[in-house]
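The structure appears right after this line, and notes come after that.
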Amino acid sequence: MNNAWSTEITRLLFLLVSIVVFGFVSSYWLLSIILHFVMYITWVMLQLGRFERWIRNGAHSLHAPDTSGIWALIVQHIYRTQKKNKDRKQSLSNLAKRYQAIMKALPDATIVLNEHLEIEWANQIAVDVLGVDIERDTGHRVDNIIRALSIQELLKGEDAKNEIEFVSPIDEHKTLILSKVRFGESQILLTARDISQRIALQKMRKAFIANASHELRTPLTVISGYLEMLNDDDQLPSSMKNLMSNAHLQAVRMDRILNDLLVLSKLEEKGFSEDRGEKLDAANLLKQVVADFEKISVKKSHSFEINIEEGLDIILIEREFISLCQNLLGNAIKYSADGSMIKLCWQLGKDNHACLRVSDSGEGIAPEHLSRLTERFYRINVNRSRKVGGTGLGLSIVKHIMDNCGGYLDIKSELNVGSTFMACFPENRIFKNGR
Ligand code: ADP
């Protein structure tokens, strides 16, 4: 038994002894009992009153009621609990302060939204680049404050699209990338990063490649012309013939690479457009491309099986459509054995897309290369590609043409079995039988 309880029991024993002594001396036993109990209850009530006042005033240790026994124990317990609560509150408040400091120090604009997409909190950078006014806009829907069509798309329920690129509503020279992250029950964290510098660098790189390719073409054409002349010169010693012919071949190869680089930069510059181009008689153009290949293939190395849906026209730039067909057919020829068959099919496909399918039964492509084939200069076997006159840019050009018109390129291949390249154009670019 601890001290407090023994004090309390001593107190009760003292009360009992006092009742007995008073009753014995006065012979008024009942009066003695009632008097003592009234005194005890009054004392307990006084203690309770002091306690209530102390707790009401914040239960500070300095003003704790001066008590003993079980009452002192209660004071101790209350004081300890109170202190623990205070400490916890303090550490929570420190944590909240630290969290706010971290959020403020974030290099990106940050906005916290509740489940109704209303602004709950924003940092200073959000004020600077997104035009959010913390005082004015807290509690307002974010899409009423940042008015951009793309932000509405980002906020739309589905989480598939978690990032968008858009121009800052405050400064039209700034391009931002806005990301959405869900947290807690249904809150959203929006962060916006300034990517203007990255875009400017990309533009510079593209401009550099375009300018360099353009500048290199003229001297290269001259060199190539001289080499061709020398190559055809009968007076050239036979030991030099081989050298000249090789140099001319390399010059032609370089010219092809520069040409493809220029085509790529033009495609990049144009970017996506919903409806750029003119209505093309795709069936006719495809037949022409195949006929051209048949004409230049002196040895008639490959045979073609053609399945073309007449009257299936598309809107596209003619040069781009021809380049796309030439690249896919050219690759099928380059990477399949002489004498093999190449299938070409132009038909309405899945989701009302018009699809050009080019299949060969050539060397095929291992799965690990498939996702990288459309990168610039990506070649599975560089020597092989050079030998067949490849530049490593053909599929990159095809991919850009498809991206620019909202279509897609699908590649299926099996090593030593063959490959199928399928370029599909969106429904809005298709005319079937004139409609
Ligand atoms: P290249 O000018 O080298 O042919 P491409 O961009 O057209 O460049 O193609 C990239 C690479 O993809 C090629 O080097 C080749 O390895 C592979 N490739 C393209 N088409 C085929 C095909 N039909 N069969 C096998 N491999 C192919």
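Got at least one residue in the range 347-363 being touching a His at 6+ places or on another chain (Cβ under 9 Å) and among the small types (Gly, Ala, Ser)? Outline the logic, then answer.
Taking the range 347-363 first, the residues touching a His at 6+ places or on another chain (Cβ under 9 Å) are 360.
Subsequent filtering for residues that are among the small types (Gly, Ala, Ser) retains none.
Checking the range 347-363: not a single residue is touching a His at 6+ places or on another chain (Cβ under 9 Å) and among the small types (Gly, Ala, Ser).
Please state which one of CYS345, CYS424 is in contact with a Cys (Cβ under 9 Å, 6 or more places away or on another chain), of a type outside the set (Asp, Glu) and more than 25 Å from SER301 (Cα to Cα).
Working: CYS345 fails: more than 25 Å from SER301 (Cα to Cα).
Only one candidate passes the filter, namely CYS424.
In this structure, does SER297 turn out to be farther than 28 Å from VAL263 by Cα and at pLDDT below 95?
no
Check off (1) under 12 Å from THR110 (Cβ atoms); (2) assigned to a helix (DSSP H, G or I) for GLU120 and give me the number that stays unchecked.
Only one criterion is unmet by GLU120, namely (2).
Of all the strands (runs of 3 or more DSSP E) wholly in the range 292-390, which have at least 3 residues that are in the same structural domain as MET402 (by TED's automatic domain parsing), surrounded by fewer than 16 Cβ atoms within 10 Å (Cβ to Cβ) and away from the ligand (no atom under 15 Å from the Cβ)?
Working: elements: 303-308, 312-316, 341-348, 354-360.
Fully inside the range 292-390 and qualifying: 303-308.
Can LEU92 be described as closer than 30 Å to ASP133 by Cα and in the same structural domain as SER186 (by TED's automatic domain parsing)?
Details: closer than 30 Å to ASP133 by Cα: yes; in the same structural domain as SER186 (by TED's automatic domain parsing): no.
Taking the combined requirement at face value, the residue does not satisfy it.
Just to verify a result, which residue in the range 421-434, among those that are within 30 Å of the chain's Cα centre (by Cα) and surrounded by 14 or more Cβ atoms within 10 Å (Cβ to Cβ), is farthest from GLU368 (Cα to Cα)? Spell out the reasoning first.
Narrowing the range 421-434 to residues within 30 Å of the chain's Cα centre (by Cα): 421-429.
Now narrow it down to the ones that are surrounded by 14 or more Cβ atoms within 10 Å (Cβ to Cβ): 421-426, 429.
Details: PHE421: 16, MET422: 19, ALA423: 21, CYS424: 23, PHE425: 26, PRO426: 28, ARG429: 33 Å.
Restricting to residues being within 30 Å of the chain's Cα centre (by Cα) and surrounded by 14 or more Cβ atoms within 10 Å (Cβ to Cβ), the top hit is ARG429.
Among the residues of the range 165-182, what is the count of those that are of a type in the set (A, V, I, L, M), loosely packed, with under 12 Cβ neighbours inside 10 Å and within 17 Å of GLN197 (Cβ to Cβ)?
Kept after step one, since they are of a type in the set (A, V, I, L, M), are these residues of the range 165-182: 167, 170, 176-178, 181.
Checking which are loosely packed, with under 12 Cβ neighbours inside 10 Å leaves us with 181.
Retained after the next criterion (residues that are within 17 Å of GLN197 (Cβ to Cβ)): none.
Of the residues in the range 165-182, 0 are of a type in the set (A, V, I, L, M), loosely packed, with under 12 Cβ neighbours inside 10 Å and within 17 Å of GLN197 (Cβ to Cβ).
Given the criteria part of a strand (DSSP E or B), in the same structural domain as ASN416 (by TED's automatic domain parsing), without any contact (Cβ under 8 Å) to a residue 60 or more places away in the chain and more than 15 Å from the ligand (Cβ to nearest atom), does GLN288 qualify? Explain how you work it out, then say what you get.
Working: part of a strand (DSSP E or B): no; in the same structural domain as ASN416 (by TED's automatic domain parsing): yes; without any contact (Cβ under 8 Å) to a residue 60 or more places away in the chain: yes; more than 15 Å from the ligand (Cβ to nearest atom): yes.
Judged against the criteria, GLN288 is not a match.
Taking the range 391-408, which residues are within 11 Å of the ligand (Cβ to nearest atom) and more than 24 Å from VAL252 (Cβ to Cβ)? Outline the logic, then answer.
From the range 391-408, those within 11 Å of the ligand (Cβ to nearest atom) are 391-399; that's our starting set.
Matches in the range 391-408: LYS399 only.
What number goes with the only condition from (1) more than 27 Å from LEU130 (Cβ to Cβ); (2) under 23 Å from the mean Cα position of the chain (by Cα) that SER213 does not pass?
Of the numbered conditions (1) more than 27 Å from LEU130 (Cβ to Cβ); (2) under 23 Å from the mean Cα position of the chain (by Cα), the odd one out for SER213 is (2).
Modelled with pLDDT of 85 or more and part of a helix (DSSP H, G or I): does that describe SER93? It would help to see each step written out before you state the result.
Working: modelled with pLDDT of 85 or more: yes; part of a helix (DSSP H, G or I): yes.
It is true that SER93 is modelled with pLDDT of 85 or more and part of a helix (DSSP H, G or I).
Cβ-Cβ distance below 9 Å, separation of 6 or more or different chains: which pairs start in the range 408-423 with a residue that is farther than 16 Å from SER340 by Cα and end on one that is more than 9 Å from the ligand (Cβ to nearest atom) and β-branched (Val, Ile, Thr)?
LEU409/ILE401; ALA423/ILE401
The values are calculated or read from the model by the stated rules, or taken from the named source; none is laboratory data. Since this is a predicted model, take the numbers as computed values, not measurements. Here Cβ is always computed from backbone atoms with ideal geometry, including for glycine, and neighbour counts include all displayed protein chains.
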